[in-house]
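The values are calculated or read from the model by the stated rules, or taken from the named source; none is laboratory data. These figures come from a predicted structure and were not determined experimentally. Cβ sites come from the backbone with ideal geometry, for glycine too, and all protein chains shown count toward neighbours. Surface accessibility is based on the protein's heavy atoms, side chains included, excluding ligands, DNA and RNA. Shrake-Rupley method; radii C 1.70, N 1.55, O 1.52, S 1.80 Å.
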Amino acid sequence: MAETKPTATASVKATSVQAKKSSNAISWLAPAICLIAGYLIWRFIFGDAKGFNDPDPSGGFWPKHDKPKGAMSGIYMGGIIIPILIGMFLMVVTFSIERLLTISKALGSGSIADFIRKVQYHLANRNVDAAMAECDKQRGSVANVMRAGLRRYKEMTTNNELNTDQKVMAIQKEVEEATALELPMLQKNLVFLSTITSVGTLVALLGTVMGMIRSFSALGEGGGAGAAAALYNTALGIGTSAIALIMYNIFTTKIDSITYGIDESGFTLTQSFASLYK
């Protein structure tokens, strides 16, 4: 009977990569809080009765103030869509800060390119421990993936059961599993920015149309000041969408650089092992 070679799955330990635990509370708490804050800003700051020559003394959820004294009071006259747009702007600010902190941590300390070159140098000298020490210094997503791969790399240097191709496959699998745990953390909550980029303008146009309808209705009664107020919806919505688009592009560019570094890390580990431990 022909002798069969051992397979990587039979002789290699299970992955040492552990799933990251992260709270998802901000994903559902932040939108609700931002919308409530948007209403409060619209109702009590822009809608302060002192800012109108003809305030509505009854108050309530949506006071019918009229004749604003200034621009802030004029924003209030944009209607009930304004607090939604303010809430969306606050979401952009909130998720931009959250992504900025997360991605900054994921980038780690120092240049990713310099980090990879240092690891390549240590691996070329067969000093895996020094390469792992570099990962401890960098502490970013690329370093996390590299560290996971290096642990398996070190195991494979003393493994006498598998051939070189199987060892390389084991290292590659470890890198892929570590990568699968890192990338979702980087892309989390970006959907809010991408959604607001397109929805913000549409909501603004809805508010503008509603305002124009009120304005044209008022023309028959000798009014018409609502036209200018309606355009506040457009301005606020377009501004919010523009900021969301800018921040989304900034974050995706940073994520792309991290992803490239992760891909280069996997290539470095597999090529190094294949050339040094034939």
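Tabulated data for the structure shown
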{"quantity": "The chain, accessible area per residue, ligands and nucleic acids excluded (1.4 Å, Å²)", "calculated": "54"}
{"quantity": "Among Phe95, Phe192, Phe267, residue whose mean-square fluctuation peaks in a GNM of the chain (springs only between Cα atoms under 10 Å)", "calculated": "Phe267"}
{"quantity": "Portion, in percent, of the accessible area of segment 56-145 that falls on carbon or sulfur, probe 1.4 Å", "calculated": "62"}
{"quantity": "Options Leu162, Leu183, Leu202, ranked by Cα towards positive dipole end of the chain, top entry (Cβ charges)", "calculated": "Leu162"}
{"quantity": "Helix 190-219 vs. the chain, principal-axis angle (Cα, 0 to 90°, nearest 10)", "calculated": "10"}
{"quantity": "Matching label, Rg and Dmax of the Cα atoms in Å computed from the structure shown, candidates [x] 28.4, 101; [y] 18.4, 54; [z] 19.2, 65", "calculated": "[x]"}
{"quantity": "Cross-link pairs beyond the 24 Å C-alpha cut-off, checked among Lys173/Lys278; Lys105/Lys137; Lys137/Lys278; Lys118/Lys254; Lys118/Lys154; Lys154/Lys278", "calculated": "Lys137/Lys278"}
{"quantity": "Nearest 10 degrees, 0 to 90: helix 112-124 Cα axis against the chain principal axis", "calculated": "10"}
{"quantity": "Helix-derived mean residue ellipticity, 222 nm - over the chain, DSSP H n ≥ 4, -39500 (n - 2.57), to 500", "calculated": "-24500 deg cm²/dmol"}
{"quantity": "Peptides 48-60, 205-217, 74-86 ordered by average Cβ neighbours within 10 Å, highest first", "calculated": "74-86, 205-217, 48-60"}
{"quantity": "More than 16 angstrom apart: percent of Cα pairs within segment 64-151", "calculated": "66"}
